[in-house]
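Derivation of every value follows stated rules applied to the coordinates shown; laboratory data play no part. The structure displayed is predicted, hence computed values, not measured ones. Glycine also receives a Cβ, built like all others from the backbone with ideal geometry; neighbour counts cover every protein chain displayed.
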Amino acid sequence: MRKIMKKRHFHLSQIAVMLLLFISVIMHPKAGMSSTESSPKTHSTLSDGTVITTVSETALTENVVMTENKTAVVYTEQTETGESPKETLQEKSPAPFDKSIYTALKHQGLTEQHIGVWQEEHPLSTLNKLGTLAPAKQKKVANVAAFIRKVNPKISAKTAWREACALVFYSVKYNVSSDLVVSIAKAESRFNPSAQSKAGALGVMQVMWKVHNGMLRAKGIAPTRDHMFDPERGVEAGVLILSRYMSAYGTVQKALNRYYGGIAHNYLKKVNNNMAMLQRHSDKTGY
C-alpha cells in the first residue's frame, strides 16, 4: 500500500510541475502576443495643394492598403526572436521615368509625386502607362505638357499632363503623327476639354459626337455625350477618327478636309503653323 502511495505522490508531483510550466508559458508577456507598431506619418503639401503622406520604410511582405486617397504598401518584418510581425507603411513610388519627365515637372513646380497622385485618382488614365513608353515618347509627353500650359495657362497641371500623355499614347496606338494631333487639338480648342461649339463639336478635339456616337459607343470611348468632356476620352475619339480619315483618303490634307467638314486650306495653314510653334517650343525646352 505504501508503495502504491509513493508512486501516486510521484505522479502528482510531476503533474504539478507540468501545470506550473504550462501556466508560466501562458503568462509570459511575449508568448503568443502580437506586437504592432504604428509607423510615424508626416504630411507635406505640394504646390497645387495636394497632400502627400510619407511614412517609414521597411520591407519584406507586401500588401496594398489605402491611406488618404493614396496607395501605400504594408510591409511585415519577422523579428529574429520569432515574435509576431511588425507592420510599417511605405509610400508606393511611381515607376521611374525618363529624365525629361522630371525636368519638365521641376520647371512647373511639380514632382513625380504629383504623377503618382494623378495616376491613383484616374486608374484608367494613360498616365498609368507613362513609364512604359519609350524614352523618346516620354520626352514628347514632357514637351507637350509644357506646351499646353504655355498655350493655355488656364488648363490645370493635372489636365495638361493627362492630355499630353493621351495625345502621345493614342497617336502611337492609332499610327498618327503626335505633332499633327497636338496641332489639331490646339487649333480646335486650345486644349480646353470643356469646349463645345454651336454645331455640337465637343471636347479637346471638337468631335461631332452626334455623328460618331455609334462608333464611339461601340469602342467604349464615349458611351454618353458627357464623356467627350473627359480630357483623355476626347483625345482618343479625335485621334481615332483622324486615323480612319487618313486611311480612307490617303493624304493628310484630304483627311483634314474631312475632319474639318469642308475645304480646309486655312485650317491646314493653321495646323501647320501650330506644328512649327510646337517644334520651336521643343527646341527651346530641350527636354
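Counting the residues of region 194-228 that are among the small types (Gly, Ala, Ser), outside any strand (DSSP E or B) and surrounded by 15 or more Cβ atoms within 10 Å (Cβ to Cβ) gives 3. Can you confirm whether region 246-263 contains a residue that is under 30 Å from the mean Cα position of the chain (by Cα) and free of Cβ contacts under 8 Å to residues at least 24 places away in the same chain? No: zero hits.
Note on region 233-287: residues that are assigned to a helix (DSSP H, G or I), exposed (fewer than 13 other Cβ atoms within 10 Å of the Cβ) and hydrophobic (A, V, I, L, M, F, W, C) total 2. Of the candidates 147, 191, the single residue that is hydrophobic (A, V, I, L, M, F, W, C), assigned to a loop (DSSP other than H, G, I, E, B) and within 20 Å of residue 276 (Cα to Cα) is 191.
Checking each residue in region 239-262 for being within 22 Å of residue 196 (Cβ to Cβ) and in contact with a Phe, Trp or Tyr (Cβ under 8 Å, 6 or more places away or on another chain) picks out 239, 240, 241, 242, 245, 256, 258, 259, 260.
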